[in-house]
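Here's the structure we're looking at; comments come further down.
Each value in this text was obtained by applying a stated rule to the coordinates, not by laboratory testing. It should be emphasised that the depicted structure is a prediction, and the values quoted were computed from it without experimental measurement. Here the Cβ is made from the backbone with ideal geometry for all residues, glycine too, and neighbour counts use every protein chain on show.
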């Protein structure tokens, strides 16, 4: 359990596990540090790790048909960093997941993750996080169709304010489906109307 206070405080609450279960779970995770621009996973590789982000910022992105990188998700403290499809089905990743700042994370291998699945409370933590991840993705997908760019930006400001201050605007723009110029115009309009 050495140095795993983050996991105990934010991910695996001691009241949900026996002391033996908690010790077994924590022993399967390894603390890792990634420098800005390093990758958690790259396109065409198979995801072998499931991460909990302790500190820092990351993003997932895909390359479009014109060769532009388009941000698909931001990760902040306490988020799971994973390509669900690649991790569980053992197929190549279609995106990159990259640190946008120096990051500290806790990783577990697929094999060790599956070993822990016999613990009911561990399964429940995983299920809850998977469902929340799905809803976040679904909401973003629908917002790209049904909302104005300004509303998408305001939603991001409200739900992930740290992203606005710690991630390059060019990544935020692609996530919102707008150009850098359009995002600058939206930000100026919001400031003017305050």
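Per residue and in cubic angstrom, what volume does the convex hull of the Cα atoms of the range 5-117 have?
For the range 5-117, the hull spanned by Cα atoms encloses 95 Å³ per residue.
Return the FRET efficiency for the residue pair residue 104, residue 45: r is the Cβ-Cβ distance, R0 is 25 Å, and the value is rounded to the nearest 0.05.
According to the calculation, E is roughly 0.70.
Rounded to the nearest 0.05, what FRET efficiency do residue 66 and residue 190 give with R0 = 22 Å and r taken as the Cβ-Cβ distance? Could you check?
Computed FRET efficiency for residue 66 and residue 190: 0.15.
On a C-alpha basis, how far is the centre of the range 47-115 from the centre of the range 161-175 in Å? Whole number, if you could?
Rounded to whole Å, the Cα centres lie 17 Å apart.
Using 0.36 nm per residue of separation minus the Cα-Cα distance, give me the extension gain between residue 141 and residue 5 in nm, one decimal.
Fully extending the segment from residue 141 to residue 5 adds 45.5 nm.
Mind checking the angle between helix 180-192 and the chain's longest principal axis? C-alpha axes, 0 to 90 degrees, to the nearest 10.
80 degrees
Compute the length gained on full extension between residue 94 and residue 111: take 0.36 nm times their separation in residues and subtract their Cα-Cα distance, giving the result in nm to one decimal.
That works out to 3.9 nm of additional length.
Calculate, for residue 158 and residue 20, the FRET efficiency according to 1/(1 + (r/R0)^6) with r their C-beta to C-beta distance and R0 35 Å; round to the nearest 0.05.
Calculated value: 0.30.
Output the 0 to 90 degree angle, nearest 10, between the alpha-carbon long axis of helix 149-159 and the longest principal axis computed from the alpha carbons of the chain.
Computed tilt is about 30 degrees.
With a bin width of 5 angstrom, please list the P(r) values of the chain as percents of all Cα-Cα pairs, from the 0 bin to the one holding the largest distance.
1, 7, 14, 19, 19, 15, 11, 7, 4, 2, 1, 0
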